[in-house]
1. Of the residues in segment 273-327, how many are aromatic (Phe, Trp, Tyr), under 21 Å from residue 381 (Cβ atoms) and outside any helix (DSSP H, G or I)?
2. Can you confirm whether segment 389-398 contains a residue that is hydroxyl-bearing (Ser, Thr, Tyr), open to solvent by 50 Å² or more (accessible area, probe 1.4 Å) and not in a loop (DSSP other than H, G, I, E, B)?
3. In segment 30-52, what residues are at pLDDT 90 or above and either in a loop (DSSP other than H, G, I, E, B) or in contact with a Cys (Cβ under 7 Å, 6 or more places away or on another chain) (or both)?
4. In segment 262-272, what residues are open to solvent by 10 Å² or more (accessible area, probe 1.4 Å), in a helix (DSSP H, G or I) and touching a residue at least 12 places away in the same chain (Cβ under 8 Å)?
5. Out of (1) at pLDDT 75 or above; (2) open to solvent by less than 10 Å² (accessible area, probe 1.4 Å), what's the single condition that is false for residue 19?
6. Could you please give the count of residues in segment 366-378 that are assigned to a helix (DSSP H, G or I), open to solvent by 10 Å² or more (accessible area, probe 1.4 Å) and over 11 Å from residue 316 (Cα atoms)?
7. Yes or no: residue 308 crowded, with 23+ Cβ neighbours inside 10 Å, under 30 Å from residue 429 (Cβ atoms) and in contact (Cβ under 8 Å) with a residue 40 or more places away in the chain?
8. Does segment 65-81 include one or more residues that are open to solvent by 10 Å² or more (accessible area, probe 1.4 Å) and either in a helix (DSSP H, G or I) or hydroxyl-bearing (Ser, Thr, Tyr) (or both)?
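The values are calculated or read from the model by the stated rules, or taken from the named source; none is laboratory data. This structure is a prediction, so every number in the text was calculated from the model and none was measured. Because the Cβ atoms are built from the backbone with ideal geometry, glycine has one as well, and the counts that use them run over all protein chains shown. We work out accessible area using only protein heavy atoms, side chains counted, and drop any ligands, DNA or RNA first. Shrake-Rupley method; radii C 1.70, N 1.55, O 1.52, S 1.80 Å.
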Amino acid sequence: MTTLSRRSLLRGSVAAAGLLSLAACRSAAESASSAASPSGGPRRGGTLAVATTIDFTPSLLFAQSANTLVQRLVFNTLTRYDDQLKPQPELATSWQLAADGKGITFKLRDDVTFHNGRRFTADDVIFAIKNLQNPVRSAQLRTTAATVTEFTKNGDHELTLTLAHPVSNLFDLFEFMIITDSATVEDAVAGKQLIGTGPFVFGKRTPGSSITFTRNEKYWNPGRPYLDGVEIRVIPQADSLVASLKTGQSHLSYSVPGKDLAALKSSGQFRLTPYDTGSGAFYVGVNVTSEHVKDKRVRQAISWAVDRERLVQQALGGYGLPSAAPWPKSSPAYSDANATRYRHDPEKARQLLAEAGVSGISLPFAHSNTPDGIAIAQIIQHDLKQVGIETVLQPTDSPTMQKQLISQTMPALWTLGHGFAQLHPATLAVSAYPFNEAKNSSHFTSPAYTDVVQRAWKRPDADSPEAKALYQQITDILLDEEFVIDLAIGGQIEVAGKVQGATLNKFTYLNLDDAYLTA
């Protein structure tokens, strides 16, 4: 992350990660702020300025990374989730799942063109899936994409996908998968040009500074977008980003540090809108091959040592749910008992360290170099010191942390945010870098973990009693092994000035189809 903010912390594990809720999931109480509501309905025209601390990384276009603002501006997805995780049409108009869960037939829109004038067809869906199957793309949903083994076209706008086996998270894939122009995809990951079917056409990218977009005049969604254009402004310094919002130079941000949220809310100039279904979670990751933390009792001691309530209040501005488990309350895997499995109990932590024969240790501890990242790391450092664990803080930028997560080269401890828990529960354990049962950032392996994750994933349903029993088994292993020590569920906080209608999808893709400036 040029620097990691609250938004980028959640995206970093992806990630990390999310941020991943729809507008309908927002808190009504927070949405009703003193910022004036527009009169007369949507207003056409104008350029929306979006402020972020993290630059767009083109090479991670097909992964959930620290900046996913660009994807839904330029591109579309096949389907989109509503707030109940029910898929809704986007480039696909309808679909039919096979009775055995091993296939799905899509009917596609026939009125869509790419920004270069080429018609959208079933071939573009085939390319999008094969593109995610390519390991070079580092796509977290690659495992799910790889279950598609056969493509059968019935004309240009009907496509049947055959799967090797049922998966409970199939529509997570279609929410994640952007439809790109096959002829220019390598230019896209090089940052040279981005060609999609979305509401805005890529304009100019100035690395480390800004990216501009203009309205797609031939967009398939009638009358949209309202905006003439969008500028994503990269402002690494949090104080400068907040100042840009206060002066009106920027209209919208998802990167405001927790410490500044209360002041912005009380000013009456902004709407603060939490995405309540939980866009991600803050956590401590543990490299289980490192000295001293191989013993799970040490990892459990760390979990008992951290004061999650204080972390939420002081580092996150009160926006978050203290939780030892990764699941938001909207997840079928959530339970109060799991969320409170570990509480702040320094004495319990000391007992476990004594049982493990560990004392006087010092561990490297990587964290993001943003205000939120620094605040979280300092709270954890203080709490661990109280039980006899010294840490050496290692502030790190976003691109470096992302590479370390993917390549499994993290130090003994790190803190970031992860996404994917707000989706179908199996997605977390087969897709997120920290949790992936086959290859995770902690180097944790377990036949039992692999077995239960695979059984939860390879089924056509996600909400049955049998599925929920499997999620509990996954959670029990996570809370026992503590190779990922969850601290708090963190909903994404939208800070909006004179703009209405912006939303985020479950992977924090910024959707501005219905957005408009109010003055």
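1. Number satisfying all stated conditions: 2.
2. no
3. 42, 43, 44, 45, 46
4. Residues satisfying the conditions are 262, 265.
5. Answer for residue 19: the failing condition is (1).
6. 2
7. In short, yes.
8. Yes, segment 65-81 contains at least one residue that is open to solvent by 10 Å² or more (accessible area, probe 1.4 Å) and either in a helix (DSSP H, G or I) or hydroxyl-bearing (Ser, Thr, Tyr) (or both).
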